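Comments concern the structure below.
Please treat every number below as a calculation from the coordinates, not as lab data. Predicted, not measured: the structure shown is a model, and the values here were computed from it. When we count neighbours, we look across all protein chains shown, and the Cβ atoms used for this are built from the backbone with ideal geometry, even at glycine.
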Amino acid sequence: MKKLLFAALYLLPVTLFAQSMSDKAVKADNYTILRLLMVNQQGEILLAKYKTGWLTPSLRYNENQSIKGALDSLARAFGYEVTVPQLRAMVTFQFDFKPVVSIRTHYAAHISGGKLKSPKDVAEVKWVSKKEAEMLMSLPETQAVDAIRVTTMQILNHPETIWGGSFWVPETGTACKMLEPFYPVGSSK
């Protein structure tokens with residue numbers, strides 16, 4: 001009887017630990033980031049200055065809502081109504097510091113109404129040309145991974161194509177390695 005009790009007390013923590021590890025594997029933080037390239041009537045794009053630098057507006061997509069609803073909400077946070085967002089790129093981020101992949105989708109939409117405002121988590125927002133966007137997103141103080149800028153510029157330089165690709169993201173630094181060069185997955189025409 002003592003041996004049975006000892007075995008039960010010994011196996012209980014092991015079983016609980018294994019269950020805990022299993023739960024963590026199931027609850028891995030595998031998420032999608034939606035980026036929205038908003039374009040005004042002059043052909044400029046909206047950039048937001050986040051803590052990590054100048055980037056296109058984005059949100060972490062983990063709410064129970066449609067993609068269109070999430071992107072409309074993101075546009076409204078900047079004071080705008082937009083046309084139906086069009087998919088422009090879908091890339092994966094693989095990490096050297098965690099065992100998950102994250103999907104990054106980039107959409108483009110034209111402004112259909114509203115007035116510019118700055119959300120509370122954004123230091124500054126402004127309309128910029130394609131050339132200025134590349135310059136701002138490349139500033140030395142930028143802490144965001146360069147894959148965001150690279151993908152944004154691919155979209156701006158080839159707006160008629162929907163792009164796929166994959167990046168290896170380091171735990172430190174901003175330089176990503178392209179695992180799969182951009183490839184067309186569709187056309188916007």
Which residue, chosen from A147, N64, L37, occupies the Cα position most advanced towards the positive end of the dipole of the stretch 31-187, where the dipole is computed from +1 (Lys, Arg) and -1 (Asp, Glu) charges on Cβ about the Cα centre?
N64
Can you give me the C-alpha center-to-center distance between the stretch 57-120 and the stretch 161-189, rounded to a whole angstrom?
17
How much length would be gained if the chain were fully extended between M135 and R60, taking 0.36 nm per residue of separation minus their Cα-Cα distance, in nm to one decimal?
24.5 nm
Run down the aspartates and glutamates and flag those whose C-alpha is under 13 Å from the C-alpha of K117, throwing out any fewer than 8 positions away in its chain.
E81
Please give me, ordered by residue number, the GluC sites (Glu not before Pro) of the stretch 100-189 that lie in loop per DSSP and have at most 16 other Cβ atoms within 10 Å.
E141, E160, E171
Candidate aspartates and glutamates for bridging to K177, where Cα separation is under 18 Å - those fewer than 8 sequence places away on the same chain excluded:
D96, D146
Cross-link candidates for K49: which aspartates and glutamates have Cα within less than 12 Å, leaving aside residues fewer than 8 places away along the same chain?
D121, E124, E141
Using the 10 angstrom Cβ neighbour count as an exposure proxy, how do D96, D146 rank, fewest first?
D96, D146
At 7 Å along the Cα-to-beta-carbon direction for both E171 and L87, put a label point, then send me their distance in nm to one decimal.
3.4
Low-density loop chymotrypsin sites (Phe, Trp or Tyr not before Pro), the stretch 81-189, at most 11 other Cβ within 10 Å, DSSP non-H/G/I/E/B, are F97
Hey, got the dipole for the stretch 31-187? About the Cα centre, +1 on K and R Cβ, -1 on D and E Cβ, debye to the nearest 20?
280
Footprinting proxy, I67, I148: sorted fewest to most Cβ within 10 Å, the residues are I67, I148
Going by how many other beta carbons lie within 10 Å of each one, how would you line up H158, H106, fewest first?
H158, H106
When the chain is fully extended, how far beyond the present Cα-Cα distance does E180 get from K120, taking 0.36 nm per residue of separation?
18.0 nm
Which net charge results for the neighbourhood of G69, defined as the other residues with beta-carbon distances under 12 angstrom from its beta-carbon, given Lys and Arg at +1 and Asp and Glu at -1?
0
